[in-house]
1. When a footprinting reagent is the concern and you count Cβ atoms within 10 Å, what order do Ser386, Ser143 take, fewest first?
2. Is the shape of segment 375-419 best called rounded, prolate or oblate, per the rule: a/c under 1.5 gives rounded, else a/b larger than b/c gives prolate, else oblate, with a ≥ b ≥ c the square roots of the Cα gyration tensor eigenvalues?
3. Determine the sum of side-chain charges near Arg27: Lys and Arg each +1, Asp and Glu each -1, restricted to other residues whose C-beta is under 14 angstrom from that of Arg27.
4. So what J values fall out for segment 411-421 if you push phi through Karplus, 6.51 cos²θ - 1.76 cosθ + 1.60 with θ = phi - 60°, rounded to Hz, Gly and Pro as x?
5. Read phi for every residue in segment 304-312 and hand back ³J(HN,Hα) as whole Hz from Karplus 6.51 cos²θ - 1.76 cosθ + 1.60, θ = phi - 60°, with x for Gly and Pro.
6. What pairs in Lys212/Lys317; Lys224/Lys377; Lys211/Lys317 have C-alpha atoms more than 22 Å from each other?
7. Once you have the Cα-Cα distance between Asp441 and Ile203, take 0.36 nm times their residue separation minus that, and quote the gain in nm to one decimal.
8. Quick one: length gained pulling Leu362 to Asp381 fully straight, 0.36 nm per residue minus the C-alpha distance?
Amino acid sequence: MPDSAIDLRSYVSAEEARERGRAARERVPVTDRDRAAESQDRPTVREFIDTSNQGRIERLIPLRIGRMTASPFTFFRGAAGLMAADLSAGPDSGLTAQICGDAHAANFGLYGTQRGEIVMDINDFDETVRGPWEWDLERLAASLVLAGRESGADADDCVLAARDAASSYRATVAELAGMPFMQSWTALPDESILASAQAHDLIDDFKKAAKKARKNTSAKVVAKWTHLDDHETDIRKHRFVSDPPVLTSVDEHVAEAVIDGLQQYAGTIRESRRELLARFAVSDVAFRIVGTGSVGLHSYVALLHGNDGEAVVLQVKQARASALAPFLPPTAPRHEGERIVAGARSVQSETDILLGWTTVELDEPLPFIVRQFRNLKGSIDPAGLSAEDLDDYGRLAGALLARAHARSLDPRALAGYLETDSEDDDRFEESVARFAVRYADRTEADHAELVAAVEAGTIAAERD
């Protein structure tokens, strides 16, 4: 029987599914989440940095380090692998999902659907794998504490944000578990989630971010980052304008390799979209640095021209093995880009219609993902929120994470694990919050260690 086969002769009742979750809770009580922050076998900060820098473009590594030293929160954003080492020693309910793998608070964002609607969801899947759902939630909770500390929120407010993220996660799981399957599959993708998650204070932030996102298009990239060659007015003559170190030109052989990869990538998107893509042609290719964890990897933007001045900008981003992979049962993805795309398609309510993967022949063949670079994307910066809004953001992110997990893990089983003995039973969220505070403390110590190494000159760093 092929891997894609499913069993449509057997049905698991709601009670059977919930009982599976209750049995997991007997084995691993929710209070076990309240534990030490670090694993005894965790690498040192220097060991982690050296390992995670392997395979990166050497000249860009100091820039990555510079970004990680900016604050404990930015260090955390670049250290998914270090936290995975710690989480792997923690309690595991045995209920697995397709997890984001890097579900920190800044990895939730707004983007446009193919119908032009603005939705909010998890938007980064570089580390996605099948794994314990708890890892995503605990990473989210710790990130909220760190974001709150960066914004100046007091200790109680930081704890409340982490606690309410876990509470919202549990409440959303319970809600999804009681819905018809077809309804729960598409639940909570748009602004309505704010009311469902009781994140009313974020309405203005959401509307402001959505308004900005609607202007975030390929046409804006063309206007801001490109120029026309000598007196030409045809979009085909647009070229990227270098803005080092973030945006730089590439050699012709690199550009050709990227274009070859894009032609192959067309086979990974739906047939109708291949016809759409085939109506465009590439005008230019440039190297563009993105993110914190991705600095030092190969990442390109490709400018495509279409009908009557139309432009589309695609991001072609190197895919590496998930930083979580060493701490989970071994798997062998056929292609790391395919792993990321499959994870996004499994988790997101709607994915980019041009999301796919390819291999680019540089000095060696490397796996990449391809997606629209500007797809009505927007964000709400959790480190820039007031204490009240951070709490709402925690509830919002917790609800989104629950919906994401419920697409690959039966929410009825998860609801059975998270069900409470009474309405005031808050042991689960309290345990998650206490761990989050400990992990935020651990991250601040790790960040301080990296800063000290940079100041001592043992690790090179530079700022952009």
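Laboratory data are not the source of any read-out in this text; all were calculated from the coordinates shown. Only a predicted model underlies this, so the values are computations on that prediction, with no experimental measurement involved. Ideal geometry is used to build each Cβ from the backbone, glycine not excepted, and the neighbour counts take in all protein chains shown.
1. Ser386, Ser143
2. Oblate.
3. Taking every Cβ under 14 Å from that of Arg27, the sum is -1.
4. For segment 411-421, the Karplus curve yields x, 5, 5, 5, 5, x, 5, 8, 4, 10, 6 Hz.
5. 3J(HN,Hα) across segment 304-312, in whole Hz: 10, 10, x, 7, 6, x, 5, 9, 10.
6. Beyond 22 Å between Cα atoms: Lys212/Lys317; Lys211/Lys317.
7. Stretched out fully, the Asp441 to Ile203 stretch lengthens by 82.6 nm.
8. Taking 0.36 nm per residue and subtracting the Cα distance, the gain is 3.3 nm.
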